[in-house]
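Working notes, beginning with the structure itself.
The numbers here are math on the coordinates, done by the rules we state, and not lab data. Keep in mind the model is a prediction, meaning the values are calculated, not measured. Methodologically, a virtual Cβ is constructed for each residue, glycine included, from the backbone with ideal geometry; neighbour enumeration extends over all protein chains shown.
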Amino acid sequence: MTEGLAVLEAAGQPLVALGRMRPRLAPRVLPLPDALFRLLAAPMLQVDPAARSSMADDLSRRRPTEIADINGEVVALGRITGVKTPQNERLVHLIEEAEAAGAGCPGLPAEALRVG
């Protein structure tokens, strides 16, 4: 999210709130300690615990994902604007690897997304 916000700002693209989610606040709220996060983000936490992302579903069903259209666009806009996007580059790489493997959703832990 932080990289996406940075490239949008560098490109002069306006941000739009989605429901109660405020794009510029999310990167500040997400890394907070769990108890504080739950308190501040309670309205956003009304999500079914069994819910999965559409990309996870696509990988599980061995269908192409929308990685190029989402995170790939962040990477492309980052290159145009001169903003580095290592997290998005890593995510694109991992998803493209999983698509190529055709073995379903790899269920990688969050640590697999770390860069460096």
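For this structure, a couple of remarks:
- Dipole axis of region 8-73 (+1 Lys, Arg; -1 Asp, Glu on Cβ), positive-most option in Val16, Pro31, Ala68: Pro31
- Label point 7 Å beyond Cα of Ala76 along Cβ direction - residues of region 1-41 with amide nitrogen under 15 Å: 8
- Simple spin-label estimate for Ala103 and Ala26 gives 3.0 nm between the two label positions (7 Å along the Cα-to-Cβ direction from each Cα).
- Cα centroid separation, region 1-39 to region 55-70 (Å): 23 Å
- Take every pair of alpha-carbon atoms less than 8 Å apart whose residues are at least six positions apart; their mean separation over the length of the chain yields a relative contact order of 27 percent.
- Two-site FRET efficiency, Arg38 against Ser60, from Cβ-Cβ distance with R₀ of 25 Å, rounded to 0.05: 0.30
- Given +1 at the Cβ of Lys and Arg, -1 at the Cβ of Asp and Glu and no other charges, the dipole of the chain around its Cα centre is 380 debye to the nearest 20.
- Ordering of 88-101, 3-16 by packing [mean C-beta count within 10 Å, highest first]: 88-101, 3-16
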